[in-house]
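So the structure is just underneath, and the comments pick up after that.
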Amino acid sequence: MSEIHIRRARAADVEPIVAMLADDRLGATRESTADLGPYERAFARIDADPNQVLVVADRRGLPVGTLQLTVIPGLARSGATRGQIEAVRVHADLRGDGLGARLLRWAIEEARARGCALVQLTSDASRGEAHRFYEGLGFSATHTGFKLAL
C-alpha cells in the first residue's frame, strides 16, 4: 500500500475513474466509458471549482481509487461548512486492502484543513457492506436521504 499516493485527479484520469464508477452492480447500470465526452466536461467543471476536490489513489501512475470532496458553506449549525464525500471507489483488485479507509481518512483531514465542521456522505440503501465500512470509520447513519431525478 505504501507505493500508492493520493493526488488531485487530472484530465487523463477520467477514463479510469469512470471505469471504477461502472465496476459495480449499481454503476454498471448508469456509467460507461463508451462516450467520455460528458465525463470530460464534468471533470472540467469540477477541476475549475475551488470547492471541489476530485482525487485518485495513484499506483505507479494509474488510478486505483477515487473520491470527490465538495466543500459546502452553509448557515445551519451556526454557519458551519460541511464536507460532502461522493463517488468513493476502489479498483476491484485492491478492495479489502485498506485503500478505501485511506481515501476516507484523507478526505476527512482535507475537510478539516478546509475548515469543515463535519463530513457527510450518502450511500445507496442497498449497499449494506459499504454502510458497515463507513460505520467502522466512525460515520453514523443519522439521516434518511431523498433524491428527485430532474
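Coordinate-derived values only; no laboratory data. Everything quoted here is computed from the prediction, not taken from an experiment. Don't worry about glycine lacking a Cβ; one is built from the backbone with ideal geometry, like all the others, and counts go over all protein chains shown.
Summary table below
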| item | result |
| --- | --- |
| Residues that are surrounded by 15 or more Cβ atoms within 10 Å (Cβ to Cβ), more than 23 Å from Gly74 (Cα to Cα) and touching a residue at least 60 places away in the same chain (Cβ under 8 Å), drawn from the stretch 98-126 | Leu99, Arg102, Leu103 |
| Qualifying position, being aliphatic (A, V, I, L, M) and under 21 Å from Asp24 (Cα atoms), among Ala141, Ala111, Ala125, Ala117 | Ala125 |
| Answer from Thr66, Thr81 - the residue that is among the hydroxyl-bearing types (Ser, Thr, Tyr), under 22 Å from Val119 (Cβ atoms) and touching a residue at least 40 places away in the same chain (Cβ under 8 Å) | Thr66 |
